[in-house]
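As structure tokens, the structure follows; a few thoughts come after it.
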Amino acid sequence: MDQTQTQNKAKGNHKQVLGRLLKVVYRTSPAMLIISMISIVLSAGAAVYGSLFIERLIDQYIVPLTRQSNPNYTPLLDAVLFMGCVFLIGVLAGYLFNVLMAILAQKVQFNIRNKMFAHMESLPISYFDQNNYGDIMSRYTNDIDTLMQMISQSIPQFINSSLSLIFVVIAMFSLSWQLTLFSFLIFALSIGIVKFLTTKSSYYFKVQQKKLGQINGYDEEMLNGLKVIKVFSHEPQSKAGFDGFNDELRQASGKANTYATILFPIMGNMGNLLYVLIAFLGGAAAINGWAPLTLGAIASFLQLSRSFAMPISQISQQLNSIVLALAGSNRIFELLDQPSEVDNGDVIISKDEKVKGQWYWNVPEKDGQIKKVPIKGHIIFDHVNFSYVPGHPILHDININAKPGMKVALVGETGAGKTTISNMLNRFYEIDSGTITYDGIPISQIRKDDLRHSLSIVLQETHLFTGTIMDNIRFGKPDASDDEVYQAARLAHADEFIHELDHGYETVIDGDGSDLSQGQKQLLSIARAMIADEPVMILDEATSSIDTRTEKMVQAGMDNLLAGRTSFVIAHRLSTIVNSDLILVLDHGRIIERGNQQELLAQKGYYYELYTGKREIQ
Ligand SMILES: Nc1ncnc2c1ncn2[C@@H]1O[C@H](COP(=O)(O)OP(=O)(O)OP(=O)(O)O)[C@@H](O)[C@H]1O
């Protein structure tokens, strides 16, 4: 697509976005919008009426007074008083308009933020795989800010200027059509220039927003990976990458601002030129009788010509910021338009809060009653195939029978598909073919929230939240009592190290728990899973090495956690899976060997090679 095509597409898009945005504003508060519109008509009308009044003032009051030997000032005073009232109404209406629009903008911003957040939570995981966090964040920050500015300032001023322009034109015609047509000529010339410049600047403003999103994304990625960058002395490459983005951003902003800044002086001086030409032409027309113009009409027209040029330059300024904000609004709507995660499941799972570890299927009976059937935790993968990207299969014909309480270990080289199998069980992604059942029920029929709630996941990267140790463990069950928290911590073998901390369970963890060791973080996440107490566990075992003592504690905690639950362990160290009931060896998305430790060692195949060190897992 060449640049003109891109710009045309953007223009069409802008209209749609503006229409949609105005609908949002209207729906937020129809009454406020209508009162604002009435106020703005009054405010613009009063200003133009003031200009027209000059004609009456000169022709009907001042000139006759100069001819009277004993001047009577009363009619003049009455007229001036009346005009004062008109101006006052105009000022009050203008003030009301600005206040209402500012309140409206706040409300719209509040609603859109809420909507965005709620919608973001409903999006499928695949959306976050395809879009970087920095870019999504920039929709919440930069784009919302520009949107807010547009609704509270640019659009109100744009409407104000446009209305003033319309009223001024009507008033000018009523004074002299000849001079009005002449003013139009100059106007047409300026519109041509404005149009050219705004089209150019809008294109580059959009590019600028995009580059800003990219640079935020890059910053975030580099900050997250700062340790890795330092370890590999990758600073120069990282800086070079940043310089590239920064340079692109500078160029786009430079171009956008160049066009925008040329615009204003041109518009400002166009008004001065018009003023001089009208004064000259109007005077000549009146003296030579080309047009029936009085002294008052010329003065009034000159005043109007000032008000004529001013809204044009304001409109051009506001157009620029509106176009910039529309690009941002478009990105907000893009996020809101992303399809939410579909959930056709209607099978409900519930938990018995009184009996520990008791979860139920809620099966509707014919008589309308709900029968509660205890969950056993029997998971079957039957001929499951899957691809993240259509045409690039990742899992091939996966068959797993994880009976209740069984510990199933997944081993294989990095990228073999271990995490992908757990993604299937969670329904983060939908399988291409085959079936996965949970106690005989296809997981596609289970309500997604309930399904995920009944599966506990302990991830490789332990994520902790800012708050106390107590809060972090309680995250697994928000209404857990203090005793439940202590018990979970004891079972997870986290209790010992927590007591050694200065404030015990009340120790505040900052950020991502950077003050704690990797092993301690794992113990906390085991305690968190322990308290959540789900019937099925998915454990993405940590790769990082921890000291032997902590490792033993982690192992003991894990064993407690897994006891009696169906579990899938994504193993990175063979030492932790020797006691698994079933070990599945994965290679390029296929299960190539299966059995328990003894059986696999006896086969002397891939697992045997891993175990004896002839092959490395990573
Ligand atoms: N979101 C995604 N989109 C596209 N491809 C993906 C995605 N996630 C993983 N893959 C690909 O799927 C394959 C399996 O990845 P998976 O994460 O399941 O491997 P793994 O065995 O868990 O590896 P590791 O031990 O490194 O965690 C890899 O080739 C990976 O590149």
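Would the range 185-202 turn up any residue that is open to solvent by 30 Å² or more (accessible area, probe 1.4 Å), within 24 Å of Ile322 (Cβ to Cβ) and hydroxyl-bearing (Ser, Thr, Tyr)?
Within the range 185-202, one or more residues are open to solvent by 30 Å² or more (accessible area, probe 1.4 Å), within 24 Å of Ile322 (Cβ to Cβ) and hydroxyl-bearing (Ser, Thr, Tyr).
When you look at Val554, is it open to solvent by 60 Å² or more (accessible area, probe 1.4 Å), more than 16 Å from the ligand (Cβ to nearest atom) and in contact with a helix residue (DSSP H, G or I) (Cβ under 8 Å, 6 or more places away or on another chain), yes or no? Against the criterion (open to solvent by 60 Å² or more (accessible area, probe 1.4 Å), more than 16 Å from the ligand (Cβ to nearest atom) and in contact with a helix residue (DSSP H, G or I) (Cβ under 8 Å, 6 or more places away or on another chain)), Val554 does not qualify. For Arg565, the test of being in the same structural domain as Ala416 (by the TED database), basic (Lys, Arg), more than 16 Å from the ligand (Cβ to nearest atom) and more than 18 Å from Lys407 (Cβ to Cβ) is failed. Residues that are of a type outside the set (A, V, I, L, M) and not in a helix (DSSP H, G or I) within the range 278-330 comprise Gly289, Trp290, Pro292, Thr294, listed in sequence order.
Go through the range 255-308 and give me each residue that's among the polar types (S, T, N, Q) and open to solvent by 10 Å² or more (accessible area, probe 1.4 Å). Selection gives Asn257, Thr258, Thr261, Asn269, Asn272, Asn288, Thr294, Gln303, Ser307. Apart from one condition, Asn423 fits all of (1) of a type in the set (S, T, N, Q); (2) outside any strand (DSSP E or B); (3) away from the ligand (no atom under 16 Å from the Cβ); the exception is (3). Looking at the range 426-442 only, could you name the residues that are closer than 21 Å to Glu593 by Cα and within 16 Å of the ligand (Cβ to nearest atom)? Scanning the range 426-442 gives a single hit, Ile436.
Quickly run through the range 56-66 and pick out the residues that are open to solvent by less than 50 Å² (accessible area, probe 1.4 Å) and free of Cβ contacts under 8 Å to residues at least 60 places away in the same chain.
Of the residues in the range 56-66, the ones open to solvent by less than 50 Å² (accessible area, probe 1.4 Å) are 57-59, 61, 63-65.
Scanning the range 56-66 gives Tyr61, Pro64, Leu65.
Any idea how many residues of the range 391-415 are of a type in the set (D, E, K, R), over 14 Å from His588 (Cβ atoms) and out of contact with any Phe, Trp or Tyr (no Cβ under 9 Å at 6 or more places or on another chain)? Let's see the steps before the verdict.
Going residue by residue through the range 391-415, those that are of a type in the set (D, E, K, R) are 397, 403, 407, 413.
Those left that are additionally over 14 Å from His588 (Cβ atoms): 403, 407.
Still in the running and out of contact with any Phe, Trp or Tyr (no Cβ under 9 Å at 6 or more places or on another chain): 403.
Here the count works out to 1.
Need at least 1 residues that are closer than 17 Å to Pro311 by Cα per element, so show me which helices (runs of 4 or more DSSP H) inside the range 111-195 make the cut, counting only ones lying wholly within it. Walk me through how you get there before you give the answer.
On the way: elements: 125-130, 133-138, 144-149, 155-175.
Counting at least 1 such residues, we get 155-175.
Given the condition polar (S, T, N, Q) and either closer than 30 Å to Asp515 by Cα or crowded, with 20+ Cβ neighbours inside 10 Å (or both), answer yes or no: does some residue in the range 445-455 qualify? Yes, that holds for at least one residue.
I'd like to check something: does the range 344-357 contain any residue that is over 31 Å from the mean Cα position of the chain (by Cα), among the basic types (Lys, Arg) and open to solvent by 60 Å² or more (accessible area, probe 1.4 Å)? Taking every residue of the range 344-357 in turn, at least one turns out to be over 31 Å from the mean Cα position of the chain (by Cα), among the basic types (Lys, Arg) and open to solvent by 60 Å² or more (accessible area, probe 1.4 Å). Among the residues in the range 42-49, are any without any contact (Cβ under 8 Å) to a residue 12 or more places away in the chain, in a helix (DSSP H, G or I) and outside the structural domain of Asn216 (by the TED database)? Taking every residue of the range 42-49 in turn, none turns out to be without any contact (Cβ under 8 Å) to a residue 12 or more places away in the chain, in a helix (DSSP H, G or I) and outside the structural domain of Asn216 (by the TED database). Restricting the range 304-343 to residues that are farther than 23 Å from Phe128 by Cα and within 16 Å of the chain's Cα centre (by Cα), the residue that is modelled with the lowest pLDDT is Ala325. Restricting attention to the range 597-618, the residues that are touching a residue at least 24 places away in the same chain (Cβ under 8 Å) and open to solvent by less than 10 Å² (accessible area, probe 1.4 Å) add up to 1.
Here's the yes/no breakdown for (1) small (Gly, Ala, Ser); (2) surrounded by fewer than 15 Cβ atoms within 10 Å (Cβ to Cβ):
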| site | (1), (2) |
| --- | --- |
| Leu33 | no, no |
| Ser51 | yes, no |
| Gln68 | no, yes |
| Leu81 | no, yes |
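Listed conditions (1) open to solvent by less than 10 Å² (accessible area, probe 1.4 Å); (2) modelled with pLDDT of 90 or more; (3) touching a Lys or Arg at 6+ places or on another chain (Cβ under 8 Å) are all met by Gly412, apart from (2).
Only residues that are surrounded by fewer than 16 Cβ atoms within 10 Å (Cβ to Cβ) and among the hydroxyl-bearing types (Ser, Thr, Tyr) were counted across the range 163-184, and they come to 1.
Pairs linking a residue in the range 572-596 that is among the hydrophobic types (A, V, I, L, M, F, W, C) to a residue that is within 15 Å of the ligand (Cβ to nearest atom) and assigned to a loop (DSSP other than H, G, I, E, B), with Cβ atoms under 7 Å and 6 or more positions apart or on different chains, are Ile577/Ala571; Ile583/Ile577; Leu586/Ala416; Leu586/Gly417. Restricting Leu523, Leu574, Leu539 to those that are at pLDDT 80 or above and either within 16 Å of the ligand (Cβ to nearest atom) or touching an Asp or Glu at 6+ places or on another chain (Cβ under 8 Å) (or both) reduces the list to Leu539. Within the range 559-586, the set of residues being within 38 Å of the chain's Cα centre (by Cα) and open to solvent by 20 Å² or more (accessible area, probe 1.4 Å) comprises His572 only. A search for C-beta distances below 9 Å between a residue of the range 402-421 that is over 17 Å from Met537 (Cβ atoms) and any residue that is within 6 Å of the ligand (Cβ to nearest atom) and aromatic (Phe, Trp, Tyr), counting only pairs 6+ apart in sequence or on different chains, returns Thr420/Tyr388. Can you work out which of the residues in the range 128-158 that are under 14 Å from Met116 (Cβ atoms) and acidic (Asp, Glu) is farthest from the chain's Cα centre (by Cα)? Looking at residues that are under 14 Å from Met116 (Cβ atoms) and acidic (Asp, Glu), I get Asp145.
What do you reckon, is Val585 in the same structural domain as Ile400 (by the TED database) and within 16 Å of the ligand (Cβ to nearest atom)? It would help to see each step written out before you state the result.
Numbers: in the same structural domain as Ile400 (by the TED database): yes; within 16 Å of the ligand (Cβ to nearest atom): yes.
So Val585 passes the test.
Scanning the range 220-236 for any residue that is touching a residue at least 60 places away in the same chain (Cβ under 8 Å), open to solvent by 40 Å² or more (accessible area, probe 1.4 Å) and not β-branched (Val, Ile, Thr) turns up at least one such residue.
Among the strands (runs of 3 or more DSSP E) confined wholly to the range 333-420, which include 3 or more residues that are away from the ligand (no atom under 16 Å from the Cβ)? Reasoning before the result, please.
Numbers: elements: 348-351, 359-364, 370-374, 379-386, 395-402, 407-412.
Here the list reads 348-351, 359-364, 370-374, 379-386, 395-402.
The values are calculated or read from the model by the stated rules, or taken from the named source; none is laboratory data. Treat the numbers as computed from the prediction; the structure is a model and nothing was measured. Backbone-built Cβ (ideal geometry, glycine too); neighbour counts: all protein chains shown. Calculation scope for accessible area: heavy atoms of the full protein, side chains included, ligands and nucleic acids excluded. Shrake-Rupley method; radii C 1.70, N 1.55, O 1.52, S 1.80 Å.
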